[in-house]
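Undergrad: Let me give you the structure first, and then I'll get to my questions.
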Amino acid sequence: MTSGDLPTSSAESGDGLASSVDGSLRASLRRSEHIEADLEIHPERYRMLTGDRPTGKLHLGHYFGSLSNRVRLQNLGLDSWVLIADYQVIYDRDGVGDLKANVYSAIADYLAAGIDPARSTIFAHSAVASLNQLLLPFLSLVTDSELRRNPTVKDELANSDRPMSGLMLTFPVHQAADIMFCKANVVPVGKDQLPHLELTRLIAKRFDERYGRANPDQQVFPLADALLSPAPNILGLDGTKMSKSRGNVIEIGMSAEQTAKLIKKAKTDSDRHISYDPENRPEVSNLLLLAALATGGDPARIADEIGDGGGGGLKKLVTEAINEHLAPVRARRTELMADPGYLEQVLHAGNEKATQVADQTLSEVRKAMQMDY
Ligand code: TRP
């Protein structure tokens, strides 16, 4: 290889990351289904890592969309890692709010939802020095144009009122370090994260190629796959995308009364006959979906039960379903929030474990790079 060339596998060379997204979505879905089937038979083959940016309190979208899936995977017996991506909060904004409070609130949400610190390592990536040190060799393995093509980064830039920061451009490489420091091989994420997973695999491959470890028995890094488990598409209470900034969310930690009040104001439509029709009746169908998720039922059947009960009947049922489902979660959350010393202990233990594993990986990386002085 001539100097300046980056090693590329034939699959990724040529048209590069962005234009291969469609094809790779299909491939990722296939891989994901295959892994999903294998997880139950061989949970010991998998290390799962996923994470969130601590930008605020977690809501029902997080709860039904990702937290419950993490708990499911943890309970299947996967070695589980949950990362709080605090450095990723600073790439596109000047103010981050009360970051520390957000971090501890997220941990309380995790534990209340059933993430068990004995089986899942919860840590903040800023606290793991050797994880962050992986960034330097990894940055040497990607080009400026590959970074600029990343569709998720482009999207986030379009939604930001700041110019592209150096961190924003390179955060997918940082995310690769998040995944690779512990050699995670499955990453439960939404489709928007696929470009980052593709980059992670590319970096893993290029690292081992560049440092002469292409033989399977010499490779430092496994190739991580996305786990695209079907997640319900939950909307906000006004029928638009659920997001804190639109004020249309129910937070996990809200009281039953706050929840009732918000659902009372939720948008419905004028047809008193309740039916499940996500296409034509998005607001009504979203409430039915929430009720179904909370009760483990079926949205169309719940609609039949309500019949001509109208928006009022629907809202009453959804409120009860959500409040009942969340009651034990909320009770645990309240207890946890009253014990900040415990939350701190969980985070510190997770940071320590992550540091040990990252130190080990960094020493393998140094050795491969002949920097193990
Ligand atoms: N980028 C992810 C998000 O915005 C958060 C994240 C950071 C992450 N590092 C990760 C997710 C590693 C999965 C794996 O939600």
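Undergrad: Just checking, does the range 148-162 include any residue being in contact with a helix residue (DSSP H, G or I) (Cβ under 7 Å, 6 or more places away or on another chain), in a loop (DSSP other than H, G, I, E, B) and within 16 Å of the ligand (Cβ to nearest atom)?
TA: Within the range 148-162 (the criterion being in contact with a helix residue (DSSP H, G or I) (Cβ under 7 Å, 6 or more places away or on another chain), in a loop (DSSP other than H, G, I, E, B) and within 16 Å of the ligand (Cβ to nearest atom)), the answer is yes, since at least one residue qualifies.
Undergrad: I would also like to ask the following. State the number of residues belonging to the range 84-110 that are in a helix (DSSP H, G or I), more than 11 Å from the ligand (Cβ to nearest atom) and touching a helix residue (DSSP H, G or I) at 6+ places or on another chain (Cβ under 6 Å).
TA: Just the residues of the range 84-110 that are in a helix (DSSP H, G or I), to begin with: 87-90, 99-110.
Checking which are more than 11 Å from the ligand (Cβ to nearest atom) leaves us with 90, 99-110.
Those still in the list that are touching a helix residue (DSSP H, G or I) at 6+ places or on another chain (Cβ under 6 Å) too: 104, 107-108.
Summing the residues that are in a helix (DSSP H, G or I), more than 11 Å from the ligand (Cβ to nearest atom) and touching a helix residue (DSSP H, G or I) at 6+ places or on another chain (Cβ under 6 Å) in the range 84-110 gives 3.
Undergrad: Given the criterion in contact (Cβ under 8 Å) with a residue 12 or more places away in the chain, under 30 Å from Pro188 (Cα atoms) and either outside the structural domain of Phe138 (by TED's automatic domain parsing) or more than 21 Å from the chain's Cα centre (by Cα) (or both), identify the matching residue among Glu324, Glu279. I'd like the intermediate steps shown before the answer.
TA: Details: Glu279 fails: in contact (Cβ under 8 Å) with a residue 12 or more places away in the chain.
None of the other options fit; the residue is Glu324.
Undergrad: Within the range 55-64, can one find any residue that is aliphatic (A, V, I, L, M), part of a helix (DSSP H, G or I) and in contact with a helix residue (DSSP H, G or I) (Cβ under 6 Å, 6 or more places away or on another chain)? Let's see the steps before the verdict.
TA: Restricting attention to the range 55-64, the residues satisfying the condition of being aliphatic (A, V, I, L, M) are 58, 60.
Next cut, part of a helix (DSSP H, G or I) only: 60.
The next check asks that each one be in contact with a helix residue (DSSP H, G or I) (Cβ under 6 Å, 6 or more places away or on another chain); those that pass are none.
Checking the range 55-64: not a single residue is aliphatic (A, V, I, L, M), part of a helix (DSSP H, G or I) and in contact with a helix residue (DSSP H, G or I) (Cβ under 6 Å, 6 or more places away or on another chain).
Each row is one residue, and each column tells you yes or no for (1) touching a Gly at 6+ places or on another chain (Cβ under 9 Å); (2) within 29 Å of Gly297 (Cβ to Cβ); (3) among the polar types (S, T, N, Q).
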| residue | (1), (2), (3) |
| --- | --- |
| Ala184 | no, no, no |
| Gln193 | no, no, yes |
| Tyr211 | no, no, no |
| Asp217 | no, no, no |
| Asp225 | no, no, no |
| Gly236 | yes, yes, no |
| Met242 | yes, yes, no |
| Lys265 | no, yes, no |
| Arg272 | yes, yes, no |
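Undergrad: Looking at (1) more than 14 Å from the ligand (Cβ to nearest atom); (2) touching a residue at least 12 places away in the same chain (Cβ under 8 Å); (3) of a type in the set (S, T, N, Q), which is the one condition that is false for Gln218?
TA: Result: Gln218 passes all but (2).
Undergrad: Restricting the search to the range 130-145, which residues are in a helix (DSSP H, G or I), in contact with a Leu (Cβ under 7 Å, 6 or more places away or on another chain) and either surrounded by 19 or more Cβ atoms within 10 Å (Cβ to Cβ) or of a type in the set (Val, Ile, Thr) (or both)?
TA: First pass over the range 130-145, keeping only residues in a helix (DSSP H, G or I): 130-133, 135-139, 144-145.
This time we only want the ones that are in contact with a Leu (Cβ under 7 Å, 6 or more places away or on another chain), so: 130, 133.
Within the range 130-145, Ser130 is the sole residue that qualifies.
Undergrad: Based on this model, can you work out whether Leu287 counts as closer than 14 Å to Leu60 by Cβ, free of Cβ contacts under 8 Å to residues at least 60 places away in the same chain and buried (at least 20 other Cβ atoms within 10 Å of the Cβ)? Full working, then the answer.
TA: Values: closer than 14 Å to Leu60 by Cβ: yes; free of Cβ contacts under 8 Å to residues at least 60 places away in the same chain: yes; buried (at least 20 other Cβ atoms within 10 Å of the Cβ): yes.
In short, yes.
Undergrad: Now, a different point. State the number of residues belonging to the range 163-189 that are at pLDDT below 95 and near the ligand (Cβ under 8 Å from one of its atoms).
TA: So the answer is 1.
Undergrad: With Asn233, Asn248 as the choices, which residue is surrounded by fewer than 17 Cβ atoms within 10 Å (Cβ to Cβ), closer than 30 Å to Ser285 by Cβ and more than 15 Å from the ligand (Cβ to nearest atom)? It would help to see each step written out before you state the result.
TA: Numbers: Asn248 fails: surrounded by fewer than 17 Cβ atoms within 10 Å (Cβ to Cβ).
Of the residues listed, the single one that is surrounded by fewer than 17 Cβ atoms within 10 Å (Cβ to Cβ), closer than 30 Å to Ser285 by Cβ and more than 15 Å from the ligand (Cβ to nearest atom) is Asn233.
Undergrad: Examine the range 49-59 for a residue that is of a type in the set (A, V, I, L, M, F, W, C), within 16 Å of the ligand (Cβ to nearest atom), farther than 21 Å from Val357 by Cβ and touching a residue at least 60 places away in the same chain (Cβ under 8 Å), and state whether such a residue exists. Break it down into steps so the answer makes sense when it comes.
TA: Start the filter on the range 49-59 by keeping residues that are of a type in the set (A, V, I, L, M, F, W, C), which leaves 49, 58.
Among the residues that remain, those that are also within 16 Å of the ligand (Cβ to nearest atom) are: 49, 58.
With the extra rule that they be farther than 21 Å from Val357 by Cβ, the set shrinks to 58.
Filter once more, keeping what is touching a residue at least 60 places away in the same chain (Cβ under 8 Å): 58.
Within the range 49-59, one or more residues are of a type in the set (A, V, I, L, M, F, W, C), within 16 Å of the ligand (Cβ to nearest atom), farther than 21 Å from Val357 by Cβ and touching a residue at least 60 places away in the same chain (Cβ under 8 Å).
Undergrad: Still on this structure, please answer the following. Being free of Cβ contacts under 8 Å to residues at least 40 places away in the same chain and farther than 15 Å from Asp52 by Cα is the filter here, so list the residues in the range 83-123 that pass it.
TA: The answer is Gly95, Asp98, Ala118.
Undergrad: Now for a separate question. Right, Tyr211: touching a residue at least 24 places away in the same chain (Cβ under 8 Å) and in the same structural domain as Glu40 (by TED's automatic domain parsing) or not?
TA: On the way: touching a residue at least 24 places away in the same chain (Cβ under 8 Å): yes; in the same structural domain as Glu40 (by TED's automatic domain parsing): yes.
Yes, satisfied.
The values are calculated or read from the model by the stated rules, or taken from the named source; none is laboratory data. Bear in mind that the values here come from a model prediction, so they are computed numbers and not experimental data. Positions of Cβ are generated from backbone atoms using ideal geometry, with glycine treated the same way; all protein chains shown enter the neighbour counts.
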